[in-house]
1. Take region 10-55 and flag every residue that is touching a His at 6+ places or on another chain (Cβ under 9 Å) and free of Cβ contacts under 8 Å to residues at least 40 places away in the same chain.
2. Out of Lys35, Lys55, Lys70, report the one residue that is exposed (fewer than 14 other Cβ atoms within 10 Å of the Cβ), out of contact with any strand residue (DSSP E or B) (no Cβ under 6 Å at 6 or more places or on another chain) and closer than 30 Å to Ala238 by Cβ.
3. Kindly indicate which of Arg196, Arg159 is modelled with pLDDT under 95, of a type in the set (D, E, K, R), surrounded by 13 or more Cβ atoms within 10 Å (Cβ to Cβ) and not in a loop (DSSP other than H, G, I, E, B).
4. Please pick out the residue among Ser5, Ser39, Ser12 that is at pLDDT below 95, of a type in the set (Ser, Thr, Tyr) and out of contact with any Gly (no Cβ under 6 Å at 6 or more places or on another chain).
Amino acid sequence: MEPVSRVRTYRSIWISDVHLGMQGSKAEILLDFLKQTESEYLYLVGDIVDGWRLKRKWYWPQSHNDVVQKILRKARRGVKVFYIPGNHDEAARDFIGAQFGGVVVVDEAIHEGADGRRFLVIHGDRFDAVVKYAKWVALVGDHVYVMLLHVNGWLNFVRRRLGLDYWSLSAYLKHKAKSAVGFVGNYEVTLADEARRRKVNGVICGHIHTAEMSDMEGILYCNDGDWVESCTALVEHASGELEIIYWKTAQHQVPVKEAA
């Protein structure tokens, strides 16, 4: 008999880039995370549903529906759920200010932590020059990304047969390519500058599928990652301390916490 999982309780949870509607979405793993965690606040920081993919080909298995239903059940139980649309679910921006099943759709949010710090919560696509000024480039990149995810699936099928751990080819190539042009660094600086302009203590975002928490000259930059490759979330403890959780390897990997 398997041991009963212990539910982890946090003050706040941030997730983004789930891409429900895309075959690469790790909806089953996210569902496990949602079942084993509780919080007062739950922020859905964009690209929860992949509208770009669904427009081209309908894909909506039961696990994707289960994630939506789980989030709605949390909202009905009193969890304060905020949905901040991203570029892949930008159609939801037409409903800013509306509420669906207790889930409030907002363009952005200011979150006040238990320790009094204030954070700008935003998806981040509006600070990505490729998405903002050349959407067709982003669409082409999306096609290539999906192709890499398919290759990645076959590669890891072979690795499992050989007894090797999971390894993401798509994440590796994306990191190398974006690092080469300074994309990630520029993105982080731009978001930190926006937080500084808004006179808040930090920024919490998604969009680039790279979980990170770092001090940017007095501004705390937090990216909650994604649920396509890394399966990460940002959480706030009762003390106000923030932490990045790597859910696929939560029992084997030391989480990223704020520097003391």
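1. Correct list: Asp50 only.
2. Values: Lys55 fails: closer than 30 Å to Ala238 by Cβ; Lys70 fails: exposed (fewer than 14 other Cβ atoms within 10 Å of the Cβ).
Result: Lys35 is the single residue among Lys35, Lys55, Lys70 that is exposed (fewer than 14 other Cβ atoms within 10 Å of the Cβ), out of contact with any strand residue (DSSP E or B) (no Cβ under 6 Å at 6 or more places or on another chain) and closer than 30 Å to Ala238 by Cβ.
3. Working: Arg196 fails: modelled with pLDDT under 95.
Only one candidate qualifies: Arg159.
4. Numbers: Ser39 fails: at pLDDT below 95; Ser12 fails: at pLDDT below 95.
After ruling out the rest, the residue left standing is Ser5.
The values are calculated or read from the model by the stated rules, or taken from the named source; none is laboratory data. Treat the numbers as computed from the prediction; the structure is a model and nothing was measured. Neighbour counts run over all protein chains shown; Cβ positions are idealised from the backbone, glycine included.
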